[in-house]
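Taken together, the values in this text are just the output of simple stated rules run on the coordinates, not laboratory data. Source: prediction; values computed, not measured. Quick reminder, even Gly has a Cβ in these numbers, built from the backbone with ideal geometry, and neighbours come from all protein chains shown.
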Amino acid sequence: MWDILVSYCSDALLITGSFLSLTFAIGLLRFPDFYTRMHAAGVSDTLCAGLIVLGLVLQAGISLVTLKLLFILLFLWFTSPTASFALARAAHRAGYRVSEQEEVASSNS
Amino acid sequence: MINIILLGFLAVVAIAVAMMRDLFAIVMLFGIYSLLTAGIFVSLDAVDVAFTEAAVGAGISTILILSTLALTSREEKQPTHSFLLPLLVVLVTGATLVYGTLDMPAFSDPEAPVHQHVAPHYLNQAEQETGVPNIVTAVLASYRSYDTMGEVTVIFTAGIAVLLLLSAFRHHEDEASNLNDLSHHPVLRYIARLMIPFILLFALYVQFHGDYGPGGGFQAGVIFAAGFILYGLVVGIDKTRQMFSESKLHWLMASGLLLYIGVGIVSLLLGGEFLNYNVFAADPLKGQHWGIFLVELGVGITVTATMISVFLAFSEVRRSE
Amino acid sequence: MILAVTAIALLVAMALTLVRALLGPSIFDRILAVNTFGTKIVLFLGVYGFLTNRPDFLDIALVYALINFISTLAVLRFFESGQLVMPKDKESR
Amino acid sequence: MSTFIDLYNYWIFIFLMMVGFYIVISQGNLVKKIIGLNIFQTAVFLLYISMGKVKGGTAPIIMAGDVSYSNPLPHVLILTAIVVGVATTALAMALIIRIRKAYGTIEEQDIHEQDASL
């Protein structure tokens, strides 16, 4: 009973993770400017990584593999927001600004 | 199936590299190329190779090529001569090679000649003879350790040559180094400081767990160096140089190789062949264990020191003419 | 089965990211794409290990995550001062 | 058709090799030449590793049970070759920096012109 529940949970996490990673990849491809693309990529790096790795953890059971998976997850959760932050800052300093249309849209709403 | 898809990606990236003019974008794509190659190595069961490629190809190569670009120029000139002749040469060579493959055994055929020679011996006997379940480590550090000693010597020599070539252009103490680091970034500094101990710990794990899983001296050396490269990027090149003075690095580079050769000489003195570890202890398995451990340690030390000193040498080149 | 689906989804996502890396247009888009591609490959390797029933090779995925971070920082260090930024990066969005 | 299935991956490696070769002989920029050389080198690595693959095999780390393993020998050769490859790349990059300091350019054509005008 418990096993079945765990395996369903794992499947659900994996499916959600893969669905979201696809959507965010489409976002990375289709969004209009650099900062919106970065948004898609940044969210996918943390959220999808979390979902998929947790799904795998549930499959692995308790072992060294689980520990390594959790390390990977922790590592990704530390590094990818940091990298995104540094990248956004570098882009900002290089003179990128959020495009005009975006600013108008946000001031209207 | 997965193999075909990854190979397709690889081909696309290679073509893009050939077409592009912006060298910086090319280096970024080359990073992807390396990651993809490592993925293909995993799918072809070569986990140790994938490990090395991931650490070396994607990390160190990219950093070195970027440093070179920063010192030279980013844009490539349009070639003036015609591209037809090179294309012809390439097509003819490629066609010849394809003709050559027609005689090769089918992909993943277990009856292929490569699998008939020494490989079955390694696969069946290595664990009894060396006590190491990872056959790649057993072959690398024990059966063919003579070769590996040559490779370590090559790395050592290349490192020395890089240092000799670049030492003439070292910036003076009072000048700022050519590459600004990211030390004014508090977030990065904090995160990196948090992670570096774990990276070094992981490198030690890779070094000493290489008998049982993927890993070994080469990979551990590169990961260890990567930890200090991260330190250099985020905290400052000067601070890293304070930790590793030139003489200390030279000493480390040589000592790893000397440890390797020393193991061989000791085994000669104890009455065995050069690098035959069986003579180290009454029990051959124990002797093998010690021999492999020391040799891998030597490899790890030399690779670490070479990578760190090459990185520092590239980072300290004076920018102005 | 589910693992295979996840692996395929990750491969498709990798393909889309690759297209972004090839299209650019600016250098920052490429860096972003390379970084995301690295994360995708880390996840893919994890899933692949479970798919082939040898999940003990996660060390490779861990190294990838590490190296990916370091090379992104190595790239960014050249842009902090605008050393390598070309005018066309600023124009194209 | 069966030839294709048997040999397709060798052909892809040859393709990659030729792309690298093309970059080396047709482009004038020295950094790009080295990248081309690296692509060529990786194609050779892949060729070796794929020759070691055995159908239904797994990574050559002995585990319990009756399983077939891929050939470990190419792995050993290529593992060291990769590290040596990066060492030689570093050497090439150092030479390029040296050339740049001496000639002020890293384009093959300009270097030849300067040599000719001496």
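So here's what we get for this one:
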quantity	calculated
Euclidean distance between Cα centres, the range B:261-278 to the range D:5-83, Å	34
Residue of B:Ala225, B:Ala70, B:Ala141 that the Gaussian network model of chain B assigns the largest fluctuation, springs spanning Cα pairs under 10 Å	B:Ala70
Nitroxide proxy distance, nm - points 7 Å out along Cα→Cβ at A:Ile62 and A:Thr23	3.5
Per-residue average of Cβ from other chains inside 10 Å of B:131-143	4
Cβ crowding within 10 Å averaged over residues, with C:12-19, A:26-33 ranked highest first	C:12-19, A:26-33
Nearest-0.05 FRET efficiency for B:Tyr205 and A:Ser7, computed from C-beta distance (R0 35 Å)	0.70
Förster radius 41 Å - calculated FRET efficiency between B:Trp290 and B:Ile4 (Cβ-Cβ, nearest 0.05)	0.40
Vicinal HN-Hα couplings computed from phi for the range A:28-43 (Karplus, 6.51 cos²θ - 1.76 cosθ + 1.60; Hz; Gly/Pro x)	4, 7, 9, 5, x, 9, 4, 5, 5, 4, 5, 4, 4, 5, x, 5
Cα gyration tensor category, rounded, prolate or oblate, for chain B with a/c compared to 1.5	oblate
Residue-averaged 222 nm ellipticity for the protein assembly as shown, from DSSP H runs of 4+ at -39500 (n - 2.57), nearest 500	-25000 deg cm²/dmol
Relative packing of peptides B:18-26, C:34-42, B:107-115 - highest average C-beta neighbours within 10 Å first	C:34-42, B:18-26, B:107-115
Gaussian network model of chain B, Cα within-10 Å springs - most flexible of B:Val90, B:Val12, B:Val266	B:Val90
In degrees, nearest ten, helix A:49-60 long axis to first principal axis of chain A (Cα)	10
Where labels lie 7 Å past Cα in the beta-carbon direction, separation of B:Phe274 and D:Ser2 in nm	4.9
Listed residues A:Ala25, A:Ala94, A:Ala41, most fluctuating in chain A (Gaussian network, C-alpha, under 10 Å)	A:Ala94
Spin-label proximity, B:Tyr190 to the range A:61-82 - amide N less than 18 Å from point 7 Å beyond Cα toward beta carbon	A:75-82
Partner chain coverage, peptide D:55-68 - average Cβ within 10 angstrom	6
Average beta-carbon neighbours from other chains, 10 Å sphere, peptide D:108-116	1
Charge dipole magnitude, Cβ of K and R +1, D and E -1 - the range B:80-157, Cα centre, debye nearest 20	260
Residue-by-residue Karplus 3J(HN,Hα) for the range B:242-251, coefficients 6.51, -1.76, 1.60, Hz, glycine and proline x	4, 5, 10, 6, 4, 5, 4, 5, 4, 4
Inter-site label distance for D:Ala102 and B:Ser82 at 7 Å from Cα along Cβ, in nm	3.3
Between helix D:2-26 and chain D: long-axis angle, C-alpha atoms, 0 to 90°, nearest 10	20
